[in-house]
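Notes to accompany the following structure.
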Amino acid sequence: MPELPEVETVRRGLVRAMQGRRFAAVRLNRADLRFPLPNGFADRLSGQRIEAIGRRAKYLVVALSGGESLIMHLGMSGRFTVVHQGGKARSLGEMYGEAAGGAGGLHDHVVFVLDDGTRIVYTDPRRFGMMDLCPTGEVSSHRLTRRLGVEPLGKELSARRLAVAMAARKAPLKSLLVDQRLIAGLGNIYACEALFRAGLSPKRPAGTLARNGRPDPRLAKLVLAIRAVLNDAIDAGGSTLRDYADADGASGAYQHRFSVYDREGQPCRRRGCRGTIRRIVQAGRSTFYCPRCQH
DNA sequence: AGCTCGACCTGCACGC
DNA sequence: TGCGTGCAGGTCGAGC
């Protein structure tokens with residue numbers, strides 16, 4: 001589930017549940033996600049007030065009263081479930097549909113208990129997720145975040161910026177779009193969707209849009225497409241894939257609006273186009289596109 | 001330096 | 001029914 005729109009949706013849910021509260025306790029059902037949790041993880045969180053919850057690319061950054069920040073990444077299959085005291089569970093980014101009741105599912109690795117009794121359960125079957133702690137002032141130089149490129153929804157992303165990065169590059173355009181060192185937060189789904197929206201082929205060598213480092217006009221269109229796709233997805237509450245419907249409507253809905261992603265063999269949705277969506281593999285990842293619309 | 005690939009890990013859909 | 005295969009939204013590091 002988690003690309004930028006999904007992480008942003010989760011962030012907003014966590015803000016409602018956590019901001020201003022304190023950690024009363026932290027329970028670890030296993031201490032290794034993608035890599036081991038930092039030393040003293042639970043003790044360093046306990047008693048801390050949650051001052052703010054931000055996002056950098058696909059990372060969630062929780063600023064704590066004691067001067068440290070909790071950096072978290074959901075990997076491929078991570079999600080949070082908020083279990084209110086005496087209330088029902090509310091999933092934030094659900095997948096593999098289990099443990100929504102907070103009853104202690106097989107892959108519930110970390111449980112944050114807040115001072116109002118709310119439990120925030122981190123579930124992650126594949127354990128590609130990550131959690132680390134570092135001084136709040138050092139978040140941007142942390143090894144996980146220091147090489148990240150520009151935020152796609154910030155004003156640093158521009159056609160000129162892309163042109164500089166793409167000049168003389170022979171890699172396919174799509175490969176550059178999912179490179180977090182260039183655009184931080186764009187993943188496989190939304191890169192495909194943005195390229196469709198911009199009418200650009202994922203196979204096109206990136207450098208062909210930046211002759212002499214100057215932006216081709218189509219790059220401006222691509223920037224607009226990236227922002228539009230991400231904003232539309234955030235507005236829809238993100239995408240929820242291979243999932244059960246959530247009882248209280250926490251599931252995202254954007255997956256119903258995909259133009260190309262996971263639509264191999266289906267007709268192009270652009271009015272008047274009789275093309276068929278094709279799937280290819282680039283750098284080991286599936287790419288979906290309409291050969292009639294994208295050049 | 002740029003690019004691709006395999007590794008990490010589990011679950012699910014599919015075909016036989 | 002069971003088993004094998006391939007696929008999945010992530011990132012990283014090795015090796016060409």
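Assorted remarks:
- Residues whose placed amide H lies under 5 Å from that of A:Arg55, excluding near-sequence neighbours: A:Val61
- Out of every Cα-Cα pair that the range A:4-141 contains, those further apart than 26 angstrom amount to 11 percent.
- Dipole check for chain A: with +1 at the C-beta of Lys and Arg, -1 at the C-beta of Asp and Glu, and the Cα centre as origin, the magnitude is about 1640 Debye.
- Radius of gyration (Cα atoms) of the range A:159-289, expressed as a multiple of 2.2 N^0.38 Å: 1.09.
- Highest average packing first - A:226-235, A:22-31, Cβ atoms within 10 Å: A:226-235, A:22-31
- Cβ-based charge dipole, the range A:159-289, positive-most Cα from A:Cys273, A:Val260, A:Ala236: A:Cys273
- Helix A:4-18 axis, angle to chain A major axis (alpha carbon atoms, nearest 10°): 20
- Rounded to whole Hz, the Karplus (6.51, -1.76, 1.60) HN-Hα couplings of the range A:260-277, x for glycine and proline: 10, 4, 6, 10, 3, x, 8, x, 4, 8, 6, 4, x, 8, 10, x, 10, 5
- Extension gain, A:Ala220 back to A:Arg292 (0.36 nm per residue minus Cα-Cα distance, nm): 23.8 nm
- Separation in nanometres of the label points that stand 7 Å from Cα toward Cβ, at A:Asp235 and A:Gln266: 2.1
- Rh by Kirkwood over Cα pairs, then Stokes-Einstein D for the range A:1-56 at 1.567 mPa s and 4 °C, µm²/s: 100
- Residue-averaged [θ]222 nm for chain A, counting only DSSP H segments that reach four residues, each worth -39500 (n - 2.57): -6500 deg cm²/dmol
- A full extension of the chain between A:Arg30 and A:Leu106 corresponds to an added length of 26.3 nm, given 0.36 nm per residue minus the alpha carbon distance.
- Rounded to the nearest Hz, the phi-derived 3J(HN,Hα) couplings of the range A:32-41 under the Karplus curve 6.51 cos²θ - 1.76 cosθ + 1.60 (θ = phi - 60°) are 10, 9, 5, 9, x, 5, x, 4, x, 3, where x marks glycine and proline.
- Isolated cysteines in chain A, defined as those with no second cysteine Cβ under 4.7 Å, comprise A:Cys134, A:Cys192.
- Once the convex hull of all Cα atoms in chain A is built, its volume per residue stands at 127 Å³.
- Per-pair calculated FRET efficiency, R0 = 30 Å: A:Leu153 and A:Ser46 via Cβ, rounded to 0.05: 0.30
- Difference of contour (0.36 nm per residue) and Cα-Cα distance, A:Ser141 to A:Ile280: 46.4 nm
- Working ranking of peptides A:184-193, A:10-19 by packing, defined as the average number of other Cβ atoms within 10 Å per residue, highest first, is A:184-193, A:10-19.
Bear in mind these aren't lab numbers, they're just calculated from the coordinates by the rules spelled out. The model shown is predicted, which means the values in this text are computed figures rather than measured ones. Virtual Cβ from ideal backbone geometry, glycine too; neighbours counted across all protein chains shown.
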